Amino acid sequence: MPIYDIELNSAAHYPVSGIVELSPLIEEAGFGAFWKGESNSTDPLVLLSAIAAQTKKLKLGTAIYHIYAAGERVEYKGEIYDTGKRFQLSWKPSHPHFPIYVAALGPQMTHLVGKIADGVMINMATPAKIRDIAGRVHAGAREAGRALSDVQIITKVRVSVNPDRTKARARLRQVLTFYNIADHYSDMLKASGFETEVTGVQTAFREGGFKAAQEALTDSYMDKLPVVPATSAGEVKERLSPFAEAGVDRLVVPYVPSTEDVLGDARRFIEAWGTLNKEKERPANV
């Protein structure tokens, strides 16, 4: 079974100080790592540094982060990208090694991950698509003569919890609408068997804007996608099982708050998750 991690980023502007205050609770709840996403924020390393000062063993990661931080001189001029002349950091990183995970979806990128990276970060993929991507990553690793255990498969599944499932769906629907109209992700969703549904959302967007696109994203379609609108943390854990069984090493749970009290909402989920873990660890009565 995979290690469960958490991300607090999706569809909400969490106050930075509030996330730092929550970080000891995240560690206590049994999450293996805290990931900071690329959207709705400035430099994630500032937040991660603050969390590092408040925790003891919680792993920290960016999912995803920009690429311009290599310790050696870089010069590259291509048809699209150009680093300029003599691009180089003025200092040498002291940490001997930190893992590099590549956010990849397509056949060539995921195959390359297996050859050169420490793992793949998968976003918005069904269990079947996760298996497909993992297969390409492992094929690349074998081709490069690497052990499969050297390459981690990491995936995200967004969740939201509210006693009223309709409210849990509402914010997730906003997130999913974005992915259905975005390049690359919409292509992957079509390739996963949802071409009719994606086309419907995109048509609604062109004709009526984002609100119309949200309305076109039905509950039945949502329930086939890698999100979990739940009424309890226990239901979240249960419905994550197909993803956990798809061959992943780490399962990142980006929590999407369903109320305006984003920190209170996240705290309730984290506390409930911690309670589940404690109940699992409690020995049965003889």
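The values are calculated or read from the model by the stated rules, or taken from the named source; none is laboratory data. Since the structure is predicted, the reported quantities are computational estimates derived from the model, not experimental observations. Neighbour counts are summed over all protein chains in view; Cβ atoms, including those assigned to glycine, are modelled from backbone coordinates with ideal geometry.
Computed quantities for the displayed model
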read-out	value
Y4 vs. criteria modelled with pLDDT under 95, closer than 29 Å to R173 by Cβ, under 16 Å from the mean Cα position of the chain (by Cα) and hydroxyl-bearing (S, T, Y)	no
Boolean, T42 is of a type in the set (V, I, T), at pLDDT below 75 and either over 21 Å from the mean Cα position of the chain (by Cα) or assigned to a loop (DSSP other than H, G, I, E, B) (or both)	yes
Residue match in the stretch 12-28 (condition: polar (S, T, N, Q), in a strand (DSSP E or B) and modelled with pLDDT of 70 or more)	no
Residues (of a type in the set (F, W, Y) and either modelled with pLDDT under 95 or within 17 Å of S258 (Cβ to Cβ) (or both)) located in the stretch 169-225	F178, Y179, Y185
For T155: the one exception among (1) under 18 Å from the mean Cα position of the chain (by Cα); (2) surrounded by fewer than 19 Cβ atoms within 10 Å (Cβ to Cβ)	(2)
Residue, surrounded by the most Cβ atoms within 10 Å (Cβ to Cβ), within the stretch 58-75, restricted to residues that are in contact with a Gly (Cβ under 9 Å, 6 or more places away or on another chain) and modelled with pLDDT of 75 or more	A63
T259 being within 19 Å of L176 (Cβ to Cβ), modelled with pLDDT under 95, of a type in the set (S, T, Y) and surrounded by fewer than 17 Cβ atoms within 10 Å (Cβ to Cβ)	yes
Meets criteria (modelled with pLDDT of 95 or more and either more than 12 Å from I154 (Cα to Cα) or out of contact with any strand residue (DSSP E or B) (no Cβ under 7 Å at 6 or more places or on another chain) (or both)) for G135	yes
Which numbered condition R169 misses (of (1) surrounded by 22 or more Cβ atoms within 10 Å (Cβ to Cβ); (2) in contact with a strand residue (DSSP E or B) (Cβ under 7 Å, 6 or more places away or on another chain); (3) touching a residue at least 60 places away in the same chain (Cβ under 8 Å))	(1)
Residue in the stretch 203-213 that is touching a residue at least 60 places away in the same chain (Cβ under 8 Å) and crowded, with 17+ Cβ neighbours inside 10 Å present	no
Checklist (1) surrounded by 15 or more Cβ atoms within 10 Å (Cβ to Cβ); (2) free of Cβ contacts under 8 Å to residues at least 12 places away in the same chain applied to S241, failing item	(1)
Residue count for the stretch 129-186, restricted to those that are part of a helix (DSSP H, G or I), more than 19 Å from P107 (Cα to Cα), hydrophobic (A, V, I, L, M, F, W, C) and touching a Ser or Thr at 6+ places or on another chain (Cβ under 9 Å)	4
Of all residues in the stretch 101-127 being assigned to a loop (DSSP other than H, G, I, E, B) and over 14 Å from D150 (Cα atoms), the one that is modelled with the lowest pLDDT	L105
